[in-house]
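First up is the structure itself, then whatever we jot down about it.
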Amino acid sequence: MEETLKVLNWMVEDGVVIGYAIGGAVAAIYYLEPFDTLDLDIFVQVETSENVLAMLAPIYDYLIERGYQSQNEFINIEGFPVQFLPTFNRLTDEAVEQAQTIKYANVTTRIMRPEHLVAIMLDTGRLKDYLRINMFLEQSAINTQLLNAVLTQHGLLEKWKENEHKFRL
């Protein structure tokens, strides 16, 4: 994954994306006990466009010009299937902007904070998201004060209270 992260950093340096952060299952694994996942979800901030596919076109063009292959919604970068997800609301924008900078092997990268991951999972509301929220709670991987602040700021506190029984086993 080290080489994949280097390519992501080049994309920022070359102005293909404004910013990025690792999200999804790989980000969750950073804070939790490991579990299986098939891909690397990268949330990107890009120049706005009315067409979501057009928003991602510069990313795919950049990578294909460098010999990387796309397959369905993924592009294989140095052996890892990567799915690029444009930030789609204020919560995901904030998650990328406030992502923490970490070192993976010898590469600096950005990863969403656990409180933003949980808020995004709550907002998405899939069964697997609630199961992961439960993992964050069981493993004490979130700061509840920070989580409450994020949920309040993004209008998700009521949804948390309504669904809490689903992820507090």
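The DSSP beta bridges internal to the chain are antiparallel in roughly 75% of cases. Helix 144-153 and the longest principal axis of the Cα set of the chain meet at an angle near 70°. Angle, helix 114-124 long axis vs. longest principal axis of the chain, Cα atoms, 0 to 90°, nearest 10? With rounding to tens, the tilt is 90 degrees.
Between residue 68 and residue 124, the contour length at 0.36 nm per residue exceeds the alpha carbon distance by 17.2 nm. Of the GluC sites (Glu not before Pro) in the stretch 53-104, the ones in a loop by DSSP (not H, G, I, E or B) with at most 12 other beta carbons within 10 Å are 73. For the pair residue 165 and residue 61 in one chain, pulling the backbone fully straight at 0.36 nm per residue adds 33.0 nm over the alpha carbon distance.
Spacing of the modelled spin labels on residue 83 and residue 108, each 7 Å from Cα toward Cβ, amounts to 2.9 nm. Between the helical axis of 2-13 and the longest alpha-carbon principal axis of the chain there is an angle of about 80 degrees.
Taken over the chain, the convex hull of the Cα atoms encloses 120 Å³ per residue.
Throughout, read-outs are computed from the coordinates displayed, never taken from laboratory work. Everything numeric in this text was worked out from a predicted model, so none of it was measured. With ideal geometry, Cβ positions are generated from the backbone for all residues, glycine too; neighbour counts draw on all protein chains shown.
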